[in-house]
Structure formats: C-alpha cells, structure tokens
Ligand code: ADP
Ligand code: MG
C-alpha cells in the first residue's frame, strides 16, 4: 500500500541539508528502516501533485548504484520522500570523521558513481545535477550509491529557500548559465574525488573570516543586487524568499562570487597539485581526475567513456574490499 505518515516512527536525525532534513525512521507495519527526507515546499498544491508524480519515477529506478525509493507523500506544506537507509552515511560525513579517504576507496567511489550516472542517463534519460560527497552514500555491505538526483524539474524549481544544483561543485558552464549535460556531473565528480582523497574541499576562499576558508555556505549567495554585477553570467534563480534575504548582506556573498569566478577563470584543480603530494597517488588516478576536470564541456568525456579509463578498470579488477573497509568505519 501507499506510504503514510502515521506508519512512520522517527528514530534519529541523519542530517540537515539546505532543502530540508533527513530522519532515520521505521515503517512500523513492516519493520523496514528507511531514511525520510522532508522537503520544505514553496509551491502551489497543483505543482506539488505534479512533483509527486515525477517522484514516482524514482520508484522505477532499479540499480545497485542508486539509492532505492519507497515512495513519497505530501504532508502539508512539505513533501516527504522515503528512501533506502544507508547505514554508513554519506562520504562527506565519513571523511570528516576519519580524514582523507584511501585512494583505492576513492577509486571505488569513482567507479560506482560513473555506473550510477550511466544508469540514470541511459535508462531514465536524466542527469544527476547534484553530485557531491553528501549525495554519495555507503552501507555496511560496502555498496556505494547515489541519492538526490535531479529527477524532478518541478522539485528543483520549487524547493523553498534554496537552489538545488547551485553549488561549489558546479562546472564552469553551469556557473556561466550555459547549457549543461551529463558531462557537467563529471566535473562535479572530479571535485568530489579530490575532496575525498585530500580530506578537504579543494578551493579556498581567501578571507580573514575563518569560517570562509572552509566550504562556503551557498545560502549566502542568494541574489545580492549590489554585489552581483555579474548576475547575467551567473544564472541564479531568485525566489521570493531570496529577495527577502538579500537585504541581509554579508562579506561572504562577495567571497563566494569570487570563488565561482575563480572556477571559471583559473586552471582546474588537480589531484596532485603541489610538490608535497608528489607520488602520493597513482598516475592513473591523476590522469582520470584531470579528465573529469577538463574545463571545456565539449572536451570532457561522458561517464561510459570514463569507465574505460585505466584507473577505473584497475580499481574494479584489483578486488578492493569495500565491505571490509565499510565495516571498519
Ligand atoms: P545535503 O545532501 O546537502 O547534505 P540532504 O538534506 O540531502 O542535504 O541530506 C542531509 C544528510 O542526510 C546527508 O548529508 C546524509 O548524510 C544524510 N542522508 C541523506 N539520505 C540518506 C540515506 N538514504 N541514508 C542515510 N543517510 C542519508
Ligand atoms: Mg543530499
């Protein structure tokens, strides 16, 4: 039968994103543990119904590289999405707890994300749009799966106070408001892999404010007419909420804009970028990450081509024991 709010009992909070919160819940009638995401909505009821219909597509996703869905329902004024619970959490949490991820495991992340992207693109004709460590999940079976993919155009347009896909993982063409495709997900994968292998986000924001040398909070980027001279090149959606918020200005906004401009203007980051990292990673890993971070979209390879790269093939044939590693964390 359909999922009902009354049948779900909260067990723990798993995390807060900018679109809502995620709870570990038990579906009492069946005893199944699920992750329930509550998305704060900013849409008309008719739009919400459309979103629900689109979310049912996720129901038809059947891949070991994609977090499966149990269904979704409306809980005014929110939408609740129930998905497979991944007991080791997301890779941002994992590296923040244990530090840089061993390169063999990073290779497994790359291989599994590529497989997931190929599946979404070939079978469902969708691009993910939000590849980042917090949307790559691990369970104690050693399985690595993608969640939060851009299945619903309506959902993307109506999530309150946020813009899905406007993030520091965005490719240069997306920052510039251009057409984007599955190759844009590949850029985000490249940034993600460097972040996991180094145990920190690869871009710096130069600012005296300590908070800013870590990853900037994109909520601060909400349209600021004064600082956003480059508004036309940035293609930032403006919701009524962001208008309200834009009156509160902070230094952070300018710094984040500078970061986005840096991504567009400067050479792409690399896995081995300084002398102190020399020899730390296999050459094939450097080669792969370089291929992900080709700045020109038209020169970047799609996921299926990247699966054939030496680093990925070696990782998949070397028998990396993901289950053993997952159990150790
Ligand atoms: P974000 O992805 O931006 O961090 P989300 O609201 O999508 O924000 O998710 C918040 C957190 O909830 C994630 O960082 C992740 O650690 C956790 N989470 C999300 N989905 C699941 C899931 N299916 N199983 C376990 N943890 C999850
Ligand atoms: Mg997420």
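Okay, here's what the table says:
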quantity: Lone unmet requirement of (1) under 24 Å from residue 287 (Cα atoms); (2) under 17 Å from the mean Cα position of the chain (by Cα) for residue 94; calculated: (1)
quantity: Pair list, Cβ under 7 Å, 6 or more apart: the range 131-150 residue more than 19 Å from residue 169 (Cβ to Cβ), other residue assigned to a loop (DSSP other than H, G, I, E, B) and more than 10 Å from ligand 1 (Cβ to nearest atom); calculated: 143/64
quantity: Residue selected from the range 85-108 under the condition part of a helix (DSSP H, G or I) and within 15 Å of ligand 1 (Cβ to nearest atom), by the criterion surrounded by the most Cβ atoms within 10 Å (Cβ to Cβ); calculated: 91
quantity: Residues of the range 4-48 classified as within 28 Å of residue 133 (Cβ to Cβ) and away from ligand 2 (no atom under 16 Å from the Cβ), total; calculated: 11
quantity: Single unsatisfied condition, residue 116 versus (1) without any contact (Cβ under 8 Å) to a residue 60 or more places away in the chain; (2) surrounded by fewer than 21 Cβ atoms within 10 Å (Cβ to Cβ); calculated: (2)
quantity: Sole exception among (1) closer than 21 Å to residue 38 by Cα; (2) at pLDDT 95 or above for residue 128, by number; calculated: (2)
quantity: Selection from the range 288-313 of residues that are surrounded by fewer than 17 Cβ atoms within 10 Å (Cβ to Cβ) and farther than 12 Å from residue 190 by Cβ; calculated: 296, 298, 299, 302, 304, 305, 308, 310, 313
quantity: 1 or more residues touching a strand residue (DSSP E or B) at 6+ places or on another chain (Cβ under 9 Å): qualifying helices (runs of 4 or more DSSP H) within the range 259-329; calculated: 322-327
quantity: Scan of the range 12-37 for residues that are under 17 Å from the mean Cα position of the chain (by Cα), in a strand (DSSP E or B) and either more than 9 Å from ligand 1 (Cβ to nearest atom) or closer than 20 Å to residue 77 by Cβ (or both), ordered by number; calculated: 16, 20, 21, 22, 37
quantity: Residue within the range 275-294 that is at pLDDT 95 or above, in contact with a helix residue (DSSP H, G or I) (Cβ under 8 Å, 6 or more places away or on another chain) and closer than 18 Å to residue 145 by Cβ present; calculated: no
quantity: Candidate set: the range 97-153, residues that are in contact with a strand residue (DSSP E or B) (Cβ under 7 Å, 6 or more places away or on another chain) and away from ligand 2 (no atom under 16 Å from the Cβ); chosen: the one nearest to residue 193 (Cα to Cα); calculated: 108
quantity: Index of the failed condition, residue 81 passing every other in (1) surrounded by 19 or more Cβ atoms within 10 Å (Cβ to Cβ); (2) touching a helix residue (DSSP H, G or I) at 6+ places or on another chain (Cβ under 7 Å); (3) not in a strand (DSSP E or B); calculated: (3)
quantity: Qualifying residue in the range 60-76 (condition: buried (at least 22 other Cβ atoms within 10 Å of the Cβ), away from ligand 1 (no atom under 11 Å from the Cβ) and more than 15 Å from the chain's Cα centre (by Cα)); calculated: yes
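The values are calculated or read from the model by the stated rules, or taken from the named source; none is laboratory data. In this text, all values refer to a predicted model and were calculated from it rather than measured experimentally. Reconstructed Cβ throughout: ideal geometry from the backbone, glycine too, with neighbour counts over all protein chains shown.
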